[in-house]
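Trainee: Handing you this structure, nothing more for now.
The values are calculated or read from the model by the stated rules, or taken from the named source; none is laboratory data. All figures in this text were calculated on a predicted structure; none of them were measured in a lab. To get the accessible areas, we keep the full protein, side chains included, count just its heavy atoms, and leave off ligands, DNA and RNA. Shrake-Rupley method; radii C 1.70, N 1.55, O 1.52, S 1.80 Å.
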Amino acid sequence: MIWPAEGIREAVCPVLADFSVEILPELDSTNTELMRRARGGRLEPILLVAERQTAGRGRLGRDWHSSTGDSLTFSLGLLLSPPDWSGLSLAVGASVAESLHPDVRLKWPNDLWLGGAGGDRKLGGILIETASIGEQRYAVIGIGINIAPRAAAGLSTPPACLRELDAALDAPRALLRIVPALVQTVAAFGLYGFAPFQARFNARDVLHGRLVSVSDGKGGLLQGTAFGAGEDGALLVHTALGMKQITSSEVSVRPQPTAGKAA
Ligand code: BTN
């Protein structure tokens, strides 16, 4: 695969002077690698792409499966000190979705979904981790996106892929579209936090107005109608007991089937 490493570096350098781009044929996980490097004192801003991950990780301790060419897997690592960290995955999601296609929607807190005629299916996901090094905090923003169709093994709904939206898109082209705007987004988040991104997230929120179940994996369950993200990125859910704010990233949120529409 031919990657546009230099084009990305040139586009990003005005925002992040010492930015570098590294493309590797194989890694356990781009997030794991950047977290290892950060703990070893390497805190420079970097985009790390793996053509194949052998131990890709998702949210809630899940595995993230991908194969060479059929998916795009990368992490952006940089020092960040926003006024408030809440909502970073939503701001990142809004940026990635806007760079890709109007039909790319967002499911709180970290999923990219394909909406429109293709139905609601997961297109990709975001995994954000941070390492505290002295007074500083290094953020690792990992993104995995399906490029070509992949098997639905073990998944209740078959995943979506970018080729459904644009047959000419491959992993290198998608990366070039995403990264420059993503770096700008993360830099703006570092200055202003989530507030400037609230409307942008809500414009693509796939759960808005839908009946949802929120589960903490320990039997705790809440049901209600989703009303988008609040100023701090919390998911607002209107329940029988009033408006609740879901802030924990440790929950799973599922839309309930609505009449004439599959969840
Ligand atoms: C999720 O949907 O649960 C998040 C998936 C995040 C996957 C990406 S692929 C690149 C980076 N490296 C990983 O191990 N995970 C993230």
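Trainee: Can you tally the lysine pairs in the chain where the Cα-Cα distance is under 23 Å and the two residues are eight or more apart, or on different chains?
Mentor: 6
Trainee: While we're on this one: How much area per residue is accessible in the chain when the probe is 1.4 Å and only protein heavy atoms are counted (Å²)?
Mentor: 45 Å²
Trainee: For the chain, which whole percent of the accessible surface, found with a 1.4 angstrom probe, sits on carbon and sulfur atoms?
Mentor: With neighbouring chains kept in place, the figure for the chain is 52 percent.
Trainee: Another question about this same structure. Using just the helices of the chain, give the 222 nm mean residue ellipticity in deg cm²/dmol: DSSP H runs with n ≥ 4 each add -39,500 (n - 2.57), and the total is spread over all residues, rounded to 500.
Mentor: Helix-only estimate at 222 nm: -7000 deg cm²/dmol.
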